[in-house]
Structures are given as C-alpha cells and as structure tokens.
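Please read the structure below before turning to the comments.
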Amino acid sequence: MHPLYLKAAAGGLAVGTLAVAQAQEIEPRAYSNAPIGVNFAIAGYAYTQGAVPFDASLPVKNAQLKTSNAVLAYARVFDVWGQSGKFDAIVPYTGLSGTAEVAGQPFERNVTGFADPRFRLSVNLYGAPALTLREFRNFEQDLIIGASLQVSVPASQYDSSRVVNIGTNRWSFRPEVGISKAVGPWTLEFQAAATLFTDNRDFYGGHTRSQDPIYSLQGHVIYGFRSGVWASLDATTFAGGRTTLNGVRGDDRQQNWRVGGTLAFLRTFATPSKSTRAAGCRHAPTITTILSELPGSTAGAAGCDAAARLARRALRDRTSDRLGELAGARRAARRARRDRKRARRSWYRGAGYRG
C-alpha cells in the first residue's frame, strides 16, 4: 500500500504539523503509466509516538503525542485527452492522545475523529498514452512528464479552544510537476512542488494565522526486477512555511531534508481474464506493499505489473494444460499398447498356436 495513504493520516495531527508532513512526503513512481479503467481500493494503518514541534508563537512545550491512524483511499486511472490520468481520494481517521505544557501548566488531550481528507488529480502530459490492458503489453517507458494538484479540505475535527487538534481549519493546495526517465531496468525521477495555505481565522482563541508556501523537491533512483519487485533510493528537501499570527510575522521558517528507501512487491488476488492475460510490460508499476518509512503512494501505478503478473499466470496455466494433455496422451498410448498385446494373445489362443 500506496504509503501516501498512511502518511495522510499522520500529517494532520496537530496545529502547525500538517504542512511539514506534506512537504516531507516521499513518493516514488508518482508519474508512471498504467492501463485506463483500473480501480484501486486501499486500506492502511499507521502508529506514531513522540515529540511534536509547535509554532514558536504558541506557549507549548514538551509535547508528547501518540496517534493511531486508519486510512481508506480510492484511486482510478482514466483517459485525459489521450494521456493517462489518475484521481485519488484519501480519508484518514485518527485517534490522538498526549500531554504537553501550555503556558507552564500541564495539559492532556484525548480526541478521535476524521483528519482532513485529500483529493488529487494527476495527469501525465507527455510519454504516457492512455492504453487499455491489451494495448499496454507493448508499452515501453521512455520519458514521462506529468503534473498534479492535491487539495486538502478542512472537513475534520477542530476545536479553536484547544491547541492540539486533528484538523487544521484551513484549505491547502499542492501543485506539483514531475519527470520520470527509464533507462533499462533503472528509472530516474524528479519532482517539484509548492504547498499553499489559506488563513485559519479561528486559530486558538479566535486569532488569525497565515502561513507562507512550503517549497519541496524530490528525487528517486528506482530499480525494477523481472519478478515485479522494485526498490528505490529516495530523497527530499523543503523550505518555507513561515507563519504570521494577527499580523505579527514569526521567526519559524522551516527547512529540512530527508533520505529513505522503498521496497515494493506485487500482491494480486485477481482472476485473469482474456484481456488481462494478453497484457504485460517491462517498466511496470505495481500494487505495492511498502517496507520503509511510509513514503509516498504508488497505488496509481499498479495496473501494469498486475497485468504482467496475470499474463505470467496465464502462461503457467497454458503450460500446465499442455503438460496435462501430453500426460493424457501418454496414458492413452500405454492403454492402446496393452490392448494390442491382449488382442494378440487372444488371437494366438483362438488359432491354436503352440509356438
């Protein structure tokens, strides 16, 4: 699973942390081709524990929070003016508990509810034509250029009298562009994004809080194995996000970087149909299980490897059927030889043959 869906839940845990989580997302294979008409239903869970940074404008110290996050997501690949596109929706549900010092006084918070849902539209602008499963078997990736827009909707739990909330009470918009270049079994990717925020006009006691955009860059080096497993080395850096509270600009500009790794393997439960048996490709995206630090989603790229796996399964089925036919033919030949021998023995006895 798709990784982005897990981090979406962990992202909106407290005031001032959602923007950081969005900027830190690592998402390999965000811009790769997949057969149109493919749908994905995704479920996941994430648990976090530890210290949480807050805005410098808030009198909060020593915050220690625990969160349990369940995520449901849906994605679909479709045709956008001859190129492949993807829509995905993420709905996280979070349970949050913890302690902190607010203005020198001990503070405890326990709350559960939905975090801000996210919706994203991605379009491959070049190098990823809209293809059916049958057509996809002849697709070889070269250079893909894509773009996306993700919107976070303030439709979650929020209480302005509390410092710690699951929701953020503001909209955010994250436009992004990406490039993916395949060279043999290797794929090189680069992404650039900016996260923009509306003002929170009911921030902790009725204040108005605004935040500058956060700019981020990502890079990925991916190696795809013939079995459908792929691994990537990932890195991201981000900067910006300085806040303003009631017109007073804070000294809290963010800047950081991260490196990580992703290991993904195919797990499919589909029964091959005539169309999917014909499909397969070399540079194939996968339905993935992520064995890393929960970087970005790969679910939209799952169709190709699923088709390839189904094609391999169909080949095994045909081979098994052929071997069964050969084994049946050998058994029939043995029965025919036994019948001829019995017939000869019966003829010898009836003709009175004595040798």
| message | Taking 0.36 nm per residue of sequence separation and subtracting the Cα-Cα distance, how much length would be gained by fully extending the chain between residue 235 and residue 66, in nm to one decimal? | response | 58.2 nm
| said: Could you compute how much accessible surface residue 251 exposes when probed at 1.4 Å, giving the result in Å² to the nearest 10? | reply: 140
| field | residue 61 accessible area, assembled protein chains, probe 1.4 Å, Å² | value | 140
| said: Output needed: percent of Cα pairs per 5 Å distance bin for the range 111-157, bins running from 0 to the one holding the longest distance. | reply: 5, 16, 16, 15, 12, 10, 9, 9, 6, 2, 0
| remark: Label model pair residue 125, residue 45: point-to-point distance (7 angstrom along the Cα→beta-carbon line) in nm is 4.1
| task | Could you order 179, 222, 36 so the one with the most accessible surface comes first? Probe is 1.4 Å. | result | 179, 36, 222
| field | residue 27 - accessible surface, heavy atoms, 1.4 Å probe, Å² rounded to 10 | value | 10
| message | Can you tell me the length gained on complete extension of the stretch residue 226 to residue 74, counting 0.36 nm per residue apart and subtracting the Cα distance? | response | 52.0 nm
| task | For the range 77-163, run through the chymotrypsin sites (Phe, Trp or Tyr not before Pro) and keep only the ones in DSSP coil with at most 10 other Cβ atoms within 10 Å of their Cβ. | result | 81
| task | Check the straight Cα-Cα distances from residue 61 and name the aspartates and glutamates below 13 Å, setting aside those fewer than 8 residues away within the same chain. | result | 101, 108
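The values are calculated or read from the model by the stated rules, or taken from the named source; none is laboratory data. In this text the structure is predicted, and so the values were computed from the model without any measurement. Every residue, glycine among them, receives a Cβ derived from its backbone with ideal geometry; neighbour counts consider all protein chains shown. Just the protein is used for accessible areas: all its heavy atoms, side chains included, with ligands, DNA and RNA removed. Shrake-Rupley method; radii C 1.70, N 1.55, O 1.52, S 1.80 Å.
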